[in-house]
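Trainee: Here's a structure for you.
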Amino acid sequence: MPSYTNVISNDAHRKRERTQQLEMTTSDLLDTLQGLVSLFTNSLLTLFVLLGMCLLIPSICCSTLWAVFVSKNSSHYFVRTFFPGKKASKNMSTTIGSMSAIKVMRARATLSCGLGGPDNLALKLFRHSSPLGSETYVCGMQSFLFCFHILERWNIKLTKRIYTDQLTSLIMPQVGSVAYIQARTCWLDDVVEEFVRRHAGSSRKVANIVILGAGFDTRCYRDNLNLKHRGVHTFEVDARGTQREKLKLLQKCGISHQGVIFVECDFSSQNWMDCLLQDGKLDISLPTLFVWEGVTMYLERQTIELTLKLVSNKCASGSCIAFDYLDPTWSMTPTFQHLTARSGEPWLFGATTNDAVEIVLSQGLNIWDHLHGPILRERYLPKRANGQPIGFLGDKFGGFIVAGKVN
Ligand SMILES: C[S@@+](CC[C@H](N)C(=O)[O-])C[C@H]1O[C@@H](n2cnc3c(N)ncnc32)[C@H](O)[C@@H]1O
């Protein structure tokens, strides 16, 4: 059997489609005008910084006032942003909503602005969510994106080379997590595409897609995946706090969630399969894809093993689970442990490549895809005009796995 996503990613058409997003139609002309471009870029950059600064200060003041006086939940985010440690219960996702889920959504919004990120709805969610973030770069990035959009709205188009090569590459190399999220989101989109190609693709619903720990994932609503019309039942499972925040945000943005079944569950104290069967009426006789993006690090090892076992023991042939894991040599260091614990969402799990393989196999699943840094950089990171990837994705960040069941 071929590797799960190779089928798609080696497909020249899709690959071309992705890189084309970053290619400039007038590249020859711009090559000739290289000198002028850098002059122009420098002036533009200065303008951006000035505009960003002008917007940043009032935006922080207004959002602080709004957070404290208007939005109850945002005031929790505010407290966690500026006074980390205070009010942090063991798992924020269950009570007031996951801040890490918001950060991921913001990263995807950033990526969708001219960097080849596929999640166009993230930007919509981002614009309607609390302007506060836990990292200063988020505020800077927000102003940056805001300026970009104002310019676009006025029909002042920045060519991809100016935007991608010159402006974003100033920020992206320092933000490894954004590159990681780009690779992860694109890869999981490929997994979803491949699953639908194998098992569904008609209007008669013949397969399930379950997003575990969905956060602000938009796969069930995005036009590029079009899951609504492709023969799949869609489910989102998450802790109560996060899920309620998401439903409010979807409503604010006018994004319809009709047809998507929402199931509340705390993975550490409840059996998500029972919740899905009872509250979601999941039909497990159909092949099911579980998308488990950016969640394993927040769970104990036994919860992860139980999840894999449930897929292996309860689901139909052809079912699979796709997830990412972090390498403990960096994610379990005291610095990261301290930082994540302070944010109220501690990282509890990390695995080496061998550990991850062993955990999957011991729960009775086969590994259909297991990808690491080099291939992900090549497939999914946006490229500069000289072909070099923008953003940093190290060789030892961890890995991405599709684990499946064949009877
Ligand atoms: C980093 S976010 C990722 C969200 C989403 N999958 C994405 O990629 O945008 C982690 C998600 O895991 C969920 N989560 C963490 N611990 C959980 C738990 N014990 N029970 C249920 N959900 C949990 C959080 O609510 C949050 O939505």
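Trainee: Pro382 - would you say it is in the same structural domain as Asp190 (by TED's automatic domain parsing) and either modelled with pLDDT of 85 or more or touching a His at 6+ places or on another chain (Cβ under 6 Å) (or both)?
Mentor: Judged against the criteria, Pro382 is not a match.
Trainee: Report yes if Cys265 is within 16 Å of the ligand (Cβ to nearest atom), within 19 Å of the chain's Cα centre (by Cα) and either of a type outside the set (Phe, Trp, Tyr) or modelled with pLDDT of 95 or more (or both), otherwise no.
Mentor: no
Trainee: Additional query: Condition (residue is surrounded by 15 or more Cβ atoms within 10 Å (Cβ to Cβ), closer than 26 Å to Gly399 by Cβ, in contact with a Pro (Cβ under 6 Å, 6 or more places away or on another chain) and not hydrophobic (A, V, I, L, M, F, W, C)) applied to the range 264-283: is it met by at least one residue?
Mentor: Checked the range 264-283: no residue is surrounded by 15 or more Cβ atoms within 10 Å (Cβ to Cβ), closer than 26 Å to Gly399 by Cβ, in contact with a Pro (Cβ under 6 Å, 6 or more places away or on another chain) and not hydrophobic (A, V, I, L, M, F, W, C).
Trainee: Same structure again: Considering only the range 314-337, I want to know if a residue exists there that is part of a helix (DSSP H, G or I) and closer than 22 Å to Gln270 by Cα.
Mentor: Scanning the range 314-337, I find at least one residue that is part of a helix (DSSP H, G or I) and closer than 22 Å to Gln270 by Cα, so the answer is yes.
Trainee: In addition: Somewhere in the range 295-302, is a residue within 22 Å of Ala356 (Cα to Cα), away from the ligand (no atom under 16 Å from the Cβ) and of a type in the set (Val, Ile, Thr)?
Mentor: no
Trainee: If I ask for residues that are at pLDDT below 80, within 14 Å of the ligand (Cβ to nearest atom) and assigned to a helix (DSSP H, G or I), which ones from the range 81-105 would you list?
Mentor: Met92, Ser93, Thr94, Thr95
Trainee: Also, I was wondering about something else. In the list Asp369, Asp283, which residue meets the criterion of being part of a strand (DSSP E or B), among the acidic types (Asp, Glu) and away from the ligand (no atom under 14 Å from the Cβ)?
Mentor: Asp369
Trainee: In this structure, does Leu339 turn out to be under 22 Å from Val291 (Cα atoms) and assigned by TED's automatic domain parsing to the domain that holds Glu305? Please lay out each step first, then the result.
Mentor: Working: under 22 Å from Val291 (Cα atoms): no; assigned by TED's automatic domain parsing to the domain that holds Glu305: yes.
So Leu339 does not fit the description; no.
The values are calculated or read from the model by the stated rules, or taken from the named source; none is laboratory data. On a predicted model such as this, the values are computed, not experimentally measured, just so you know. Glycine also receives a Cβ, built like all others from the backbone with ideal geometry; neighbour counts cover every protein chain displayed.
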